[in-house]
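Values quoted throughout were computed directly from the atomic coordinates according to the rules given, and no laboratory measurement underlies them. Note that the structure is predicted; figures quoted are calculated from it, not measured. For neighbour counting, all protein chains shown are included, and Cβ atoms are generated from backbone atoms with ideal geometry for every residue, glycine included.
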Amino acid sequence: MFATIYLPDFYLQAALRYEPELWMRPAALIEEQEKKPVIIQLNEAAESAGIRKGMTPSQALARFLHVVIKARARAQEKSLQDILLHHAFTLSPFVEATAPGISTIQFTKWHRHPADGPRPADDSCAGSACYAKVSRVIDQLETCEITAQAGIAPLPDTSFLAAHLARPVLEIDSAKKFLAPLPIETLAIG
């Protein structure tokens, strides 16, 4: 089994981490190092105000004068990624930093050196135990004021898609049954 933990709007979460009051106001994020900075992420309030990804800051301000425009906060992004990985490693020693704000975890029985003592009874994930473990991590991230979602599935790609659709945790038993009804546009996530 695999789990993917996904932090939606990762760059925006990092930039607004110490200003939680901005989540209620229209806020957008730009990549200031680009030749022509454009909005790369925005919150729901900004989207409701008519602001869209790809707009320039002046276009966003023309749509809504009081939009807060922030630049990416790379130090805070690193800190957020470190917190994500720390929590992911509490689930399994097999963790991949898949992308910024995304971590993939493989649950498997792994072989221990005899000197390490007996194998713990819960070193793999089966059934509701996996769901409970991942839900606990999502709750722990929430106490850190980090919004996270997770998908659990037999394949890593399926867990990735499930994480994007989760509210906050979605477990998939059959990839075929899960994928069949999804529109093809869902595969463009990422």
Cut-off is 10 Å between beta-carbons; in what order do 89, 160, 2 appear when sorted fewest neighbours first?
89, 160, 2
Specify the inter-centroid distance of region 153-190 and region 1-24, based on alpha-carbon positions, in whole Å.
20 Å
Equivalent ellipsoid semi-axes, the chain, via Cα gyration tensor eigenvalues times 5, rooted, Å:
35, 19, 13
List the aspartates and glutamates whose alpha-carbon lies under 14 Å from that of residue 53, not counting same-chain residues fewer than 8 positions away?
9, 31, 44
Among 10-16, 42-48, what's the highest-first ranking by average C-beta atoms within 10 angstrom per residue?
10-16, 42-48
Residue farthest toward the positive end of the dipole of region 18-72, with Cβ of Lys/Arg at +1 and Asp/Glu at -1: which of 50, 27, 67?
50
Taking only Cα atoms of region 23-94, the Rg to Rh ratio with Kirkwood Rh works out at 1.14
I'd like to compare 180-187, 25-32: which one has the highest average count of other Cβ atoms within 10 Å, and what's the full order after that?
25-32, 180-187
Once Lys and Arg are counted +1 and Asp and Glu -1 for all other residues with Cβ under 12 Å from that of residue 49, the total becomes +1
Mean Cα-pair separation over length for the chain, i.e. relative contact order, pairs under 8 Å, 6 or more apart, %:
25 percent
Could you check what % of the DSSP bridge pairs in the chain are antiparallel, to the nearest 5?
70 percent
Pairs beyond 27 Å (Cα-Cα), from 35/70; 36/78; 78/176:
78/176
Please give, to one decimal in nm, the separation of the simple spin-label points placed at residue 131 and residue 22, each 7 Å out from Cα toward the Cβ.
3.7 nm
